[in-house]
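The structure under discussion appears below in the form of structure tokens.
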Amino acid sequence: MHKAADMRLQQALESEQQARRDAEAKVLKTFDERTALLREEIAREGRSRAEAEAALRRYVDVDIPKLYESLREEAQSRETMEDRIVRRASEEIARLQEAILTEKKAREDTEEALLRMMEDTVAKMRAEIAQERADRETTEETLLKLLEETCNKLNAASQVL
């Protein structure tokens, strides 16, 4: 009975762990895909910036203020994008840590409940065994007394004859 409960508990725990691993894998895959897209976008924008810089160098005397402004905006955009990526990654990490803590707490609570149930069952079984022993000893004592009384009566009856 305990083995079946242990097996069911183990299967439930493994199922929860697998679900957590699947969710983590899905989140990491999504994060990697988005990161790859952002890297591609950054690479494309880097190539665009290089082309723009080459064109601006040719027109440096005319377009220096435009070049300065464009570079400043690009840096700001990159910093904003990096901040957004870091913030999203931090939020995901915090969410995953919270999910892990929640799962750990649930597992610990379940383990504690099972331990208490097993302790209660053991205590109940010990009490039942002690009661059975006491009942058996009482019955044995009663039978011995009856046997002694019968023997005494038989002895008394045989001495009378």
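Taken together, the values in this text are just the output of simple stated rules run on the coordinates, not laboratory data. A quick note: this is a predicted structure, and the numbers were derived from the prediction, not measured. Cβ placement follows ideal geometry from the backbone for every residue including glycine, while neighbour counts extend to all protein chains displayed.
Run residue 157 past the list (1) under 30 Å from residue 46 (Cα atoms); (2) surrounded by fewer than 10 Cβ atoms within 10 Å (Cβ to Cβ) and report the number of the one that doesn't hold.
Of (1) under 30 Å from residue 46 (Cα atoms); (2) surrounded by fewer than 10 Cβ atoms within 10 Å (Cβ to Cβ), only one is false for residue 157: (1).
State whether one or more residues within segment 54-61 are part of a helix (DSSP H, G or I) and of a type in the set (Phe, Trp, Tyr).
Within segment 54-61, not a single residue is part of a helix (DSSP H, G or I) and of a type in the set (Phe, Trp, Tyr).
Being of a type in the set (A, V, I, L, M, F, W, C), surrounded by 12 or more Cβ atoms within 10 Å (Cβ to Cβ) and more than 53 Å from the chain's Cα centre (by Cα) narrows it down to one of 67, 96, so name that one.
The conditions single out 67.
Quick one: how many residues across segment 117-161 are part of a helix (DSSP H, G or I) and more than 60 Å from the chain's Cα centre (by Cα)?
17
Quick one: count up the residues across segment 107-128 that are closer than 29 Å to residue 22 by Cα, touching a residue at least 24 places away in the same chain (Cβ under 8 Å) and either touching a strand residue (DSSP E or B) at 6+ places or on another chain (Cβ under 7 Å) or aliphatic (A, V, I, L, M) (or both).
1
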